[in-house]
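Please read the structure below before turning to the comments.
The values are calculated or read from the model by the stated rules, or taken from the named source; none is laboratory data. Computed from a prediction, not measured in an experiment: that's the story for all the values here. Cβ sites come from the backbone with ideal geometry, for glycine too, and all protein chains shown count toward neighbours. These accessible areas exclude ligands, DNA and RNA; they are computed on the full protein's heavy atoms, side chains included. Shrake-Rupley method; radii C 1.70, N 1.55, O 1.52, S 1.80 Å.
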Amino acid sequence: MSRTRTALLAAMALVAGATGTAIAAVPGGTGAAAVPCTVDYKVQNQWATGFTASVTITNNSAAKSSWSLKWSYAGNQKVTSGWNAKVSQSGANVTAANESYNGTLATGGSTSFGFQGTYSGSNAVPATFTLDGVTCNVDSGGPTDPTDPTDPTDPPGNRVNNPYDGAKVYVNPEWSEKAAAEPGGSRIANQPTGVWLDRTAAINGVNGGMSLRDHLDEALRQKGSGELVIQLVIYNLPGRDCAALASNGELGPTEIDKYKTQYIDPIKAILADSKYASLRIVTTVEIDSLPNLVTNVSPRGTATPNCDVMKANGNYVKGVGYALNKLGDVPNVYNYVDAGHHGWLGWDDNFGASAEMFKQAATAEGATVADVHGFIANTANYSALKEDHFSINDNVAGKSVRESKWVSWNRYVDELSYAQALREKLVSLGFDSKIGMLIDTSRNGWGGANRPTGPGATTSVDTYVDGGRYDRRFNTGNWCNQSGAGLGERPKASPEPGIDAYVWMKPPGESDGASKAIDNDEGKGFDRMCDPTYTGNPRNDNNKSGALADAPISGHWFSAQFQELMKNAYPPLS
């Protein structure tokens with residue numbers, strides 16, 4: 001269970017009816033008294049004996065080079081671990097002091113930290129906070145004005161540790177109808193897939209299609225008396241897909257305000273409707289964005305000018321942070337941030353830097369790590385779930401598997417090992433120890449006649465790896481409409497430790513991009529990686545693209561690919 005209550009300036013509070021959260025007025029406005037500091041304390045997740053909370057401090061006094069926040073619990077709450085602050089407890093009294101990297105707190109500046117705790121009985125929000133001995137949330141350290149509205153306790157939310165456990169997952173009728181219309185497609189037409197909100201118009205429905213509310217209403221119908229997850233892909237950042245052209249979006253690199261007010265805010269308003277409070281709403285937040293700021297920017301050899309622009313203006317980080325903050329305020333929303341795939345971020349110089357980038361975005365624009373329920377790997381990609389015939393620790397003909405052309409010094413050979421390792425890294429950086437990973441298995445089965453049944457010949461490390469690998473791409477950098485790919489593991493909850501679910505976030509049969517230039521009104525360009533005649537670039541080690549011919553623009557139905565995915569499914573379709 002989850003609830004949120006914000007302890008803020010009661011004397012100047014505006015009560016936001018949609019969430020029951022009190023929002024402080026800006027100190028120093030007309031008629032405002034001096035408020036030395038404000039504290040926003042939120043219980044993010046709560047279960048029978050434990051909870052996680054986030055705390056945001058805003059300093060309205062003189063700038064600080066260090067800080068210490070104190071409060072006392074009225075009940076039997078105990079802090080067990082914290083992040084972004086040194087949190088200690090003596091009896092009912094808690095002290096949170098800055099870490100070495102976040103001690104500076106400018107006038108008007110804010111900082112956030114979080115912690116996990118246990119409780120029994122009630123879990124009331126602390127009544128009073130002091131920052132360096134000064135009482136926050138009240139005028140000049142004095143008492144709260146009793147004539148002004150107080151912050152009501154929010155109604156209970158319904159977050160659970162793993163939203164997929166014990167729940168059905170929404171079947172998108174629009175995708176299901178297309179799948180069922182294909183020869184043999186009825187075998188998978190009842191599988192759950194993601195609903196892609198890839199432009200602002202998708203919120204209200206495109207070309208007579210279902211709107212976001214239509215999908216949520218249908219999800220309530222499918223839910224019945226049980227639990228149901230609906231999966232939404234949040235995908236409309238300014239300057240979207242800076243390293244590719246096939247999925248460029250509608251917003252230019254600087255249009256962050258449009259992203260916030262015309263895209264995220266309307267989505268949040270709909271999801272916050274109490275009508276949908278019984279649904280478990282999983283969001284996949286902005287695929288193919290943050291990793292580009294690590295791997296495709298100067299001075300790296302694969303830098304692209306568009307990615308340099310997005311790193312310089314900060315709008316990927318701001319956009320993701322804003323989305324996490326706003327959507328995370330809805331008690332039944334579970335945010336999962338896109339985490340690329342092992343063939344993109346598994347190298348030593350990408351892995352840690354990307355995790356740090358995820359942390360930066362998760363603490364931007366008012367977001368905290370508590371707004372992140374987990375991460376998703378391999379979204380809309382083809383990397384094998386688990387390679388059984390070779391491991392990163394194997395040595396053949398005097399060489400490590402890491403030295404093979406296919407692995408090319410990567411630390412990981414498949415998505416399961418990558419996702420589990422990334423989860424550990426993210427927890428070490430301050431994300432909740434209960435975060436879970438999703439893996440998109442919609443197109444990574446690699447079955448069919450070409451699926452290896454054992455390891456390759458030990459003549460050399462390359463023959464060993466190439467003969468045994470399930471993933472039959474020319475290179476792990478190939479991402480567009482891959483020839484020979486098959487449906488992967490069917491959606492499944494809690495399949496492995498640390499993995500919340502295998503999901504089909506990318507609906508099978510929807511194109512990755514056009515194989516030749518096609519005029520369209522969706523802002524989507526032509527990327528040579530979708531051209532089957534293309535011989536590559538440094539990002540795929542100058543290999544052939546491996547793309548299927550005659551593909552439509554991204555997101556449009558591609559019958560030939562759908563048929564190939566069914567033919568090469570693993571586990572096979574019956």
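Grouping the Cα pair distances of the range 210-266 into 10 Å bins from zero gives a pair-distance distribution of 21, 35, 26, 16, 2 percent in increasing distance order. Convex hull volume per residue, computed on the Cα atoms of the range 253-395, equals 132 Å³. Computed extension length for Asp217-Ala312: 30.1 nm, one decimal, from 0.36 nm per residue of separation with the Cα-Cα distance subtracted. Checking [x] 43, 26, 23; [y] 52, 23, 19; [z] 34, 30, 23 against semi-axes √(5λ) of the Cα gyration tensor in Å calculated from these atoms, the matching label is [x].
The residues of the range 402-555 expose, per residue, 38 Å² of accessible area to a 1.4 Å probe.
Using a Förster distance of 41 angstrom, determine the FRET efficiency expected from the C-beta separation of Ser298 and Ser225, and round it to 0.05.
Numbers: r = 55 Å, r/R0 = 1.35.
Rounded to the nearest 0.05, the efficiency is 0.15.
Sequence-ordered 3J(HN,Hα) estimates for the range 183-192 from the Karplus curve with 6.51, -1.76 and 1.60 and θ = phi - 60° stand at x, x, x, 4, 5, 10, 5, 9, 7, x Hz, glycine and proline given as x.
Taking 0.36 nm per residue of sequence separation and subtracting the Cα-Cα distance, how much length would be gained by fully extending the chain between Thr459 and Asn542, in nm to one decimal? It would help to have the intermediate numbers written out before the result.
On the way: separation 83, 0.36 × 83 = 29.88 nm, distance 2.50 nm.
Roughly 27.4 nm would be gained on extension.
Within the accessible area of the chain, the carbon and sulfur atoms contribute 51%, probe 1.4 Å, all protein chains present.
Report the FRET efficiency, 1/(1 + (r/R0)^6), for Ser494 and Ala62, where r is their Cβ-Cβ distance and R0 is 35 Å, rounded to 0.05. Intermediate results must be reported in sequence, preceding the final value.
On the way: r = 50 Å, r/R0 = 1.43.
Step by step, r from the Cβ atoms, then E = 0.10.
Placing His556, His341 in order of accessible area, with the largest value first and a 1.4 Å probe, yields His556, His341.
Quote to one decimal, in nm, the extra length available between Ser391 and Asn207 on full extension: 0.36 nm per residue of separation minus the C-alpha distance between them. Spell out each step's value before the answer.
Working: separation 184, 0.36 × 184 = 66.24 nm, distance 4.77 nm.
Taking 0.36 nm per residue and subtracting the Cα distance, the gain is 61.5 nm.
Between Lys425 and Lys399, the modelled labels are 2.5 nm apart [label points 7 Å from Cα along Cα→Cβ]. For the range 559-574, the Karplus equation 6.51 cos²θ - 1.76 cosθ + 1.60, evaluated at θ = phi - 60°, returns couplings of 4, 4, 5, 4, 5, 5, 4, 5, 4, 9, 4, 9, x, x, 7, 8 Hz by residue, with Gly and Pro reported as x.
Put simply, the amide H of Val297, placed in the peptide plane, has neighbours under 5 Å in Thr304, leaving out anything fewer than 5 places away on its chain. Near Leu232, the amide H atoms lying under 5 Å from its own belong to Val195, Val282, Thr283, Thr284; only residues 5 or more places off or on other chains count, and H is placed 1.01 Å from N.
The phi torsions of the range 99-104, fed into the Karplus equation with coefficients 6.51, -1.76 and 1.60 and a -60° offset, translate into couplings of 7, 5, 9, 9, x, 6 Hz, rounded to whole numbers, with Gly and Pro shown as x.
With a 1.4 Å probe and all protein chains kept in place, how do Leu345, Leu573 rank by accessible area, largest first? Present the calculation step by step, with values, prior to reporting the outcome.
Numbers: Leu345 0, Leu573 35 Å².
The ordering from most to least exposed comes out as Leu573, Leu345.
Can you give the accessible area per residue of the range 279-397, in Å², using a 1.4 Å probe? Let's see the in-between values first.
On the way: 3220 Å² over 119 residues.
Per-residue value: 27 Å².
Sorted largest first by accessible area at a 1.4 angstrom probe radius, with every protein chain in place, the residues Arg159, Arg221 fall in the order Arg221, Arg159. Computed from label points 7 Å out along Cα-Cβ, the spacing between Thr128 and Arg451 is 6.6 nm.
Of the trypsin sites (Lys or Arg not before Pro) found in the range 483-564, those that fall in a DSSP loop while having at most 13 other beta-carbon atoms within 10 Å are Lys516. Solvent-accessible area of Arg411, all protein chains in place: 110 Å² (probe radius 1.4 Å, heavy atoms, ligands and nucleic acids excluded). Once R0 is set to 56 Å, what does the formula 1/(1 + (r/R0)^6) return for the Cβ-Cβ distance between Lys434 and Thr535, expressed as a FRET efficiency to the nearest 0.05? My answer for the efficiency is 0.75. Adding -39500 (n - 2.57) for every DSSP H run of four residues or longer, then dividing by how many residues the chain holds, sets the calculated 222 nm ellipticity at -5500 deg cm²/dmol.
Distant-in-sequence amide contacts of Asp500, defined by a placed amide H-H separation under 5 Å and a gap of 5 or more residues or a different chain, comprise Met437, Leu438.
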